[in-house]
Structures are given as C-alpha cells and as structure tokens.
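What follows is one structure encoded as structure tokens, with my remarks underneath.
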Amino acid sequence: IRASKLAIETNYVFQYPFAATPCFLLRLPRPAAGHAALRREDATVEAELTDTGCWFVTLDGASRMAVWPAGTVQSRSDASRVVLPGGAEVVDGDQLDVSAAVFPVTSLVGYPDGYWGTQLVFCDPKGTEVLVMDSAIVRS
C-alpha cells in the first residue's frame, strides 16, 4: 500500500495482526499535529459512574473521563456494566490499579467531529484531558 494512492478521508479496514483484530487506516487531508507529551501514570484511581452513564476516574484530585483498556466490554444497553479484560466487573466507587496516560482531548482520533468528540460533548463538555488506560485491575 502506498500512502499516495489512498483516497483522502476514506476509511480502510483490514485484519491485523490477527483475523479477528480490525485495524483502521485513514489518510488525513493535512498532516496531523505533532505528538503530545503524555504524562504516564502507574497509580490507583477511583472509578465514578455519573447519572448519565459516563465513567470518570479521579487521579491526583482531578476527575477525567475514563478510556478503558483494549479488550474491555461495556454494555450498549447498560453503560454501567463494564467488564475489564481479566473478567472483573467495575462498580461505581471501585479502586483501580492502572497503567495509563493523561491524554489531551484535542489529540484523540475522532475529536472534535467523530466518536470522541460526541462522547466528550455528552459526558464532559468542558474536559481538556482523559485518562487512557493500558491496563486496569480492580483492587480487592
């Protein structure tokens, strides 16, 4: 595949590295902004479920929208049901041990006009950061 041959703003989907793993490729109309300097954290956070079904985590006294680790299952019919990759269910008020990055919302793919823009307008319209988790374990 040559980047110059891809149609601008067209989504290409292929399976990589496994047949069951979708991978998305998109040629942007202009170069993307440079990489943001991410603050990495290995920490304990508190999970909070809002009345609107949005999940937040509190880290260092700041509440940020939660972006769950890959493999997490969140019910479409019941947003309060979140099952982490290891099988543990997250409940409002749970303490989670996470490996994560504090990520500026403007660097999210699909912000402001796609999926993440819609999520943030609904859940946290004034938010400037989210917590993107690589892993999360419910503390016993």
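Does residue 136 count as modelled with pLDDT of 90 or more and open to solvent by 30 Å² or more (accessible area, probe 1.4 Å)?
no
When you check residue 51 against the structure, is it out of contact with any helix residue (DSSP H, G or I) (no Cβ under 8 Å at 6 or more places or on another chain) and in a loop (DSSP other than H, G, I, E, B), yes or no?
Yes, satisfied.
Considering 103, 122, which residue is open to solvent by 30 Å² or more (accessible area, probe 1.4 Å), in a strand (DSSP E or B) and among the aromatic types (Phe, Trp, Tyr)?
103
Residue-by-condition table, conditions (1) without any contact (Cβ under 8 Å) to a residue 60 or more places away in the chain; (2) of a type in the set (Lys, Arg); (3) on the phi > 0 side of the Ramachandran plot:
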residue	(1), (2), (3)
27	yes, yes, no
39	no, yes, no
54	no, no, no
57	no, no, no
87	yes, no, yes
99	yes, no, no
107	no, no, no
137	yes, no, no
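Condition check ((1) among the aromatic types (Phe, Trp, Tyr); (2) touching a helix residue (DSSP H, G or I) at 6+ places or on another chain (Cβ under 6 Å); (3) more than 30 Å from residue 4 (Cα to Cα); (4) at pLDDT below 95) across all residues:
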{"residue": "36", "(1), (2), (3), (4)": "no, yes, no, yes"}
{"residue": "56", "(1), (2), (3), (4)": "yes, no, yes, no"}
{"residue": "59", "(1), (2), (3), (4)": "no, no, yes, yes"}
{"residue": "85", "(1), (2), (3), (4)": "no, no, yes, yes"}
{"residue": "95", "(1), (2), (3), (4)": "no, no, yes, no"}
{"residue": "98", "(1), (2), (3), (4)": "no, no, yes, no"}
{"residue": "106", "(1), (2), (3), (4)": "no, no, no, yes"}
{"residue": "116", "(1), (2), (3), (4)": "yes, no, no, yes"}
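The values are calculated or read from the model by the stated rules, or taken from the named source; none is laboratory data. Since we're looking at a predicted model, the values are computed, not measured. In this analysis, Cβ positions are derived from the backbone assuming ideal geometry, glycine residues included, and neighbour counts consider all displayed protein chains. In case anyone asks, the SASA skips ligands and DNA or RNA and just uses the protein heavy atoms, side chains included. Shrake-Rupley method; radii C 1.70, N 1.55, O 1.52, S 1.80 Å.
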